[in-house]
Amino acid sequence: MPGRIEDYALIGDLQTAALVGRDGSIDWLCLPRFDSPSCFAALLGGDEHGHWRLAPASDGEAPFRSYIGDSLVLQTEWTTSTGSVRVIDFMPQRDRTPDVMRIVEGISGSVKMIGELRLRFDYARVVPWMRRTNHHRVAIAGPDAVWLRCDEKVRTYGRDFATYSEFTVHEGERIPFVLSWTPSHHAAAPRQDPEKSLQATLDDWQRWAEHCAPGLREADQPSVRRSLITLKALTYEPTGGIVAAATAGLPEQVGGARNWDYRFCWLRDSTMTLSALLNAGYRREAEAWYKWLLRAIAGDPADLQTMYGVGGERRLPEELADWLPGYEGSAPVRFGNAAVDQLQLDVYGEVVDTLYLAHQHGIRIEQHVWRLLLKLLEFLEEHWSDPDEGLWEVRGPRRHFVHSKIMCWVAFDRAVKLAEETKMSGPVERWRELRDLIHSDVCSRGVDKKRGVFTQYYGGAALDASTLFAVKTGFLPPEDPRIVATVEAIRRDLHHDGFILRYSTPTDDAATDAVDGLAGSEGAFLACSYWLCDALILIGRVDEARALFDRLRYLANDLGLISEEWDPVAGRQLGNTPQAFTHVALVNTAFQLAHTEG
């Protein structure tokens, strides 16, 4: 049975990532990319769905784990009755093939170790053919081949469609294991020196992290540094795309049906991601993300999607994996994401806002990019008044979501500013007219007149945390009574034990007429709590923002990793993990606090 979501550590090579549990089991790994089918999927079921456990044979004290410095190299230590042992887990930035390396180090005494490698390709649908070659083993099925290499002193044997290992590690010994993936039609995976790879991996991360989190309050630096490292770990290095999370299918409500695939790149994250990277001084990564964005969206503006694959792929069909029971019985498990086909008008505002932010930081807007912007705005002029599925990718009917309209306003507002500041030609007067028209429309139809607050959608009464963007984007000034009233209402009515929900959801599992078209509820969406911090800062309540921010930081696990949501009642993380959106929000709020607090 998988552990709690917060029990997992992340290791990765900037092209894919694995989740390692406290018990020494790798329960999730997709090869060779983030969005490839998995070879370990115990996270979404049990051991029979694929995992690789390496741990002491006998029980001892609860293990202690940590990352080595500012790296993604994990070390887990066990103390048993006969001695203590450390397992070092990492994935070196790849040369040719993806590798998972595990080094077992004897700290004191002697410890008997056991390993269980159960490979299951294609999301646990395929049991590979395993054969021995010299002292190594290779598993092959379809397009995949995985090689396991280990020290000669390790005894390995097959049983029940798994490979087991047994050995004893003594004080001062280091016994390595290397798991490598290749296409099945290729020759054997190249041999690697795990010790050299470990040092190179540590050096790579140390160089990258040298200037993490400049200018922040000392107490904020550890969480911001780890968030930036996590954001880097979720980057697909060949293209610069950043996946929303390393996982698929982890539930927003344990036992519920809100289980999505987040191993793709969302346009809604673009401005906030760019801002976080630029604030932290990572211009190269910011420019790589920006260039990925421009490549992904090239084409007919009508075909603009909310998300793309790490290489810019557009076809991401959703599939129900009915052969997997789901995390703690949370079904159905989905791979792919049907939201790719939705109309989400806010992404047009995200794209133009990203272009403007890039310009503000000296990233040149080239002529072909400007021509693309003109076409996007032509499409938006015709369709801004249409209903859509909105930021949250609802599975219910389209509506006139207030956040979507605000982001349409952002698109024309930033276009006007870009034209004025770059002197590039465009129908600026028309854009000003549209900006004013949308502003008037939102203020007329998107505000509850009795309460003076922004609502989730035109004609509704429900609240939505995304309307905090009315102040974050400059749609209205912070002192406007509607802004203050909205911030207060969201804090009062969307709170879940002090943390913020995206919007109100049903509290039972029956079919409902909820706006998102889904039964069940979810936890507090953590990015929304950071947005509330930002809004509180803007309306002058800095002390309240600081108190909330400090409370949010403690929701991270012992390694500084945060998932999508938090269940205050059960005191546990929910949703896909680690979640880029949450870590980005943490970074941006920390910098905003630093700027405000001085």
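No lab work stands behind these numbers, since they all come straight from the coordinates. Only a predicted model underlies this, so the values are computations on that prediction, with no experimental measurement involved. Cβ sites come from the backbone with ideal geometry, for glycine too, and all protein chains shown count toward neighbours.
Given contacts defined as C-alpha pairs under 8 Å and at least six residues apart, what's the relative contact order of region 5-208, whole-number percent?
Reported relative contact order: 19 percent.
Hand me the GluC sites (Glu not before Pro) from region 185-252 located in a DSSP loop with no more than 16 other Cβ atoms within 10 Å, in residue order please.
Here the GluC sites (Glu not before Pro) that fit, given the DSSP loop and packing criteria, are 210.
Would you mind working out the magnitude of the charge dipole of the chain relative to its Cα centre, with +1 at each Lys and Arg C-beta and -1 at each Asp and Glu C-beta, to the nearest 20 Debye? Don't jump to the answer; show the numbers that get you there.
Working: 65 positive and 85 negative charges, 186 e Å.
Using Cβ point charges on Lys, Arg, Asp and Glu, the chain gives about 900 debye.
With everything on Cα atoms, drop me the angle between helix 428-445 and the longest principal axis of the chain, reported from 0 to 90° to the nearest 10.
90
Taking Cα centroids, how far is region 90-120 from region 177-200 in Å?
So the two Cα centres are separated by 12 Å.
Nearest 20 debye, what's the magnitude of the dipole of region 197-331 about its Cα centre given +1 on Lys and Arg Cβ and -1 on Asp and Glu Cβ? Display every interim value, and only then the final one.
On the way: 14 positive and 18 negative charges, 83 e Å.
Computed about the Cα centre, the dipole is about 400 debye.
Sequence neighbours fewer than 8 away in the same chain don't count; with that in mind, list the lysines whose C-alpha is under 21 Å from residue 232.
Within the straight-line cut-off, residue 232 pairs with 291.
What is the ratio of the Cα radius of gyration of the chain to 2.2 N^0.38 Å, where N is its residue count, to two decimals?
0.99
Region 290-329: which trypsin sites (Lys or Arg not before Pro) are DSSP loop and have at most 14 other beta-carbon atoms within 10 angstrom? Please report the intermediate quantities before stating the final value.
Working: sites: 291, 295, 314, 315; in loops: 314, 315.
When the trypsin sites (Lys or Arg not before Pro) of region 290-329 are filtered for loop state and at most 14 Cβ neighbours within 10 Å, 314, 315 remain.
Less than 15 Å Cβ to Cβ from residue 318, Lys/Arg counted +1 and Asp/Glu -1: what total charge do the surrounding residues give?
Local charge sum for residue 318: -2.
Normalising by the residue count of the chain, find the relative contact order in percent from Cα pairs under 8 Å and 6+ residues apart.
This gives 12 percent for the chain.
Report the GluC sites (Glu not before Pro) located in region 437-545 that are in a DSSP loop and have at most 16 other Cβ atoms inside 10 Å of their Cβ, or state none.
Sparse-neighbourhood loop GluC sites (Glu not before Pro): 479.
Can you return the lysines within cross-link range of residue 450? Criterion is Cα-Cα under 27 Å, with same-chain partners fewer than 8 residues away left out.
Cross-link targets: 405, 472.
How much net charge surrounds residue 482 when only the other residues with a Cβ under 10 Å from the Cβ of residue 482 are counted, with Lys and Arg +1 and Asp and Glu -1?
In short, -1.
Helix 270-279: angle to the longest alpha-carbon principal axis of the chain, degrees 0 to 90, nearest 10?
70
If we sort 81-90, 346-355, 4-13, 442-451 on the protection proxy, mean other Cβ atoms within 10 Å, highest first, what's the order?
Details: 81-90: 20.8, 346-355: 25.6, 4-13: 22.9, 442-451: 15.4.
Result, highest mean Cβ count within 10 Å first: 346-355, 4-13, 81-90, 442-451.
Helix 346-360 against the longest principal axis of the chain: what's the angle in degrees, Cα atoms only, rounded to the nearest 10?
90
Near residue 367, within a Cβ-to-Cβ distance under 15 Å, what is the net charge of the other residues, with Lys and Arg +1 and Asp and Glu -1?
Within the 15 Å Cβ shell, the charges total +3.
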